[in-house]
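All of the numbers you see were taken from the coordinates with simple rules; none came from a lab. Bear in mind the structure is a predicted one, so any value in this text is a computation, not a measurement. Heads up, the Cβs are rebuilt from the backbone with ideal geometry, glycines too, and the neighbour counts pull from every protein chain shown.
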Amino acid sequence: MRTNVAAAILAAIAVFSVPVFGQENNPLTAVDVKSAKPKPAPRTADGHPDLSGYWKGTRDTVPVGNMAKDLPGLKLPLTPAGEAALQHNLTATIDPESLCIIGGIPRHNASGLPFEVLQGARKIAFLYWYSYYRLIPIDPKRKHSEDPDPSFFGEELGRWEGDTLVVDSIGFKDEQVWIDENANPHSDALHVVERWTRPDADHIHVETLIEDPKFYTRPFKYSRTWVAGKPEEEIQEYSCSENNVDRDHLGFGPGPIRPDGTRGYLDPAPLPPPIQKK
Amino acid sequence: MKLRIAILVASLSLAAGVPLLAHHSFAAEFDASKAIRVTGTLTRVQWTNPHTYFYIDVKDENGNVSKWSCEAGAPGALSRRGFKRGDLKLGDMVVVDGYRAKDGSRLMDARRVTLPDGRIVSGASAGDGGPEATGRNP
């Protein structure tokens with residue numbers, strides 16, 4: 001019982017001592033402390049940089065969950081068909097991820113959630129919250145199939161170019177997919193090239209080229225850096241459909257999108273005033 | 001025993017900071033113009049993914065009971081912190097402040113929970129774009 005009392009007090013202190021669920025209290029993101037003397041990236045026995053680790057997003061990634069992050073005015077170069085697909089997603093589809101459908105690539109690279117990488121000589125695994133994973137073969141001789149079965153992560157081929165791991169993916173699904181949290185679309189013509197590097201021990205970086213001639217007038221880029229989590233941090237089990245009460249209450253689309261490209265209301269009604277302790 | 005409920009709710013709120021960030025956007029499900037306060041008896045707790053839920057019975061002035069579902073964050077690492085389901089004491093009166101579901105059902109996003117002993121904790125999901133996350137709410 002004493003342990004429980006102590007736990008309650010500690011928990012209460014933790015809750016009261018920081019702004020409510022601001023970044024400071026969010027163990028899913030980390031502050032990017034840029035060291036003047038960064039440690040070099042570790043390397044595997046075969047000499048390649050080792051991308052293995054638990055990687056967390058930083059507050060420098062804004063707006064998170066938006067594939068237009070790096071584009072002027074946060075404007076994606078939609079074709080007329082892409083614009084129609086966006087309107088369909090906004091007005092007639094529920095966020096697939098909230099229905100426990102795999103978010104896929106490139107959406108997972110824009111997510112606010114950490115991920116974990118386990119690197120082998122011939123395969124690399126990306127593990128995600130939601131208990132999803134992708135396994136990418138590393139083989140420069142392997143070519144894309146003529147007609148790959150559509151999937152959420154696509155048919156992914158990995159190869160090293162110097163210290164960069166290049167992952168080239170085609171063969172994506174075109175239904176129940178949003179390219180990001182803002183309901184932007186992609187088609188089955190999507191082609192994604194990720195270029196992963198580990199510039200030092202504490203950072204992993206991706207430059208993503210996104211090509212989708214059906215929905216986008218030109219290829220565009222999405223870049224992002226994550227920082228290493230603490231040694232004891234790792235992905236935990238998360239059974240998305242265990243008790244998905246939300247399923248029956250979610251509206252179409254992500255709800256309002258603010259001018260800064262994030263999701264949410266600009267002027268929420270205030271909560272009733274807190275009850276004063278007697 | 002009241003302390004045990006405090007452990008529960010404090011744990012709930014701590015857990016809210018673990019997974020799941022942005023399982024769904026707050027704005028896809030809840031209406032930020034519909035802030036409400038619901039006071040009732042705790043009847044059930046679901047310690048589940050993608051969210052923890054607790055359920056309360058709310059009595060009106062005529063004694064009619066309506067059942068409310070309150071969404072909080074995900075359970076995360078609670079078991080490793082020593083939390084036990086057996087610690088739960090149902091039947092206590094709690095005050096839940098939050099936002100109603102857009103579809104008008106008796107489902108709310110629990111942003112703030114006031115315990116029987118007067119202490120206040122947060123039940124919000126981390127990073128879902130909900131009001132408190134923006135810092136615009138008290």
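Below is a table of values for the structure above.
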quantity: Charge-dipole axis of the stretch A:162-278 as Lys and Arg at +1 and Asp and Glu at -1 on Cβ define it, positive-most pick from A:TYR265, A:PRO213, A:ALA183; calculated: A:TYR265
quantity: The stretch B:21-62 - convex hull of the alpha-carbon atoms, volume per residue in Å³; calculated: 95
quantity: Cα gyration tensor shape of the stretch A:239-278, rounded if a/c is under 1.5, else prolate or oblate by comparing a/b with b/c; calculated: oblate
quantity: Fewest-first sequence of B:PHE26, A:PHE172, A:PHE152 by Cβ atoms within 10 Å of each Cβ; calculated: A:PHE152, A:PHE172, B:PHE26
quantity: Peptide A:252-265, shielding by other chains (average Cβ, 10 Å cutoff); calculated: 5
quantity: Cα-based radius of gyration of the stretch A:70-174 once divided by 2.2 N^0.38 Å, which approximates compact folds; calculated: 1.23
quantity: Chain A, helix-only ellipticity at 222 nm - DSSP H runs n ≥ 4, -39,500 (n - 2.57), divided by all residues, nearest 500; calculated: -3500 deg cm²/dmol
quantity: Filtered GluC sites (Glu not before Pro), the stretch A:123-209: DSSP coil and at most 13 other beta carbons within 10 Å; calculated: A:GLU146, A:GLU175
quantity: Contact order normalised by residue count of chain A, Cα under 8 Å, 6+ apart, percent; calculated: 22
quantity: Equivalent ellipsoid semi-axes, the stretch A:41-239, via Cα gyration tensor eigenvalues times 5, rooted, Å; calculated: 27, 19, 16
quantity: Candidates A:GLY57, A:GLY264, A:GLY103, ranked by Gaussian network fluctuation over chain A, Cα under 10 Å, top entry; calculated: A:GLY264
quantity: Check: the stretch A:41-239 dipole with +1 on Lys, Arg Cβ and -1 on Asp, Glu Cβ, in debye; calculated: 360
quantity: Peptides A:79-88, A:196-205 ordered by average Cβ neighbours within 10 Å, highest first; calculated: A:196-205, A:79-88
quantity: Most mobile listed residue (A:VAL166, A:VAL177, A:VAL31) in chain A, GNM with C-alpha springs under 10 Å; calculated: A:VAL31
quantity: Share antiparallel - DSSP beta bridges, the stretch A:41-239, percent rounded to 5; calculated: 95
quantity: Across A:LYS56/A:LYS123; A:LYS123/A:LYS143; A:LYS39/A:LYS230; B:LYS59/B:LYS102, pairs whose alpha-carbon gap is larger than 19 Å; calculated: A:LYS56/A:LYS123; B:LYS59/B:LYS102
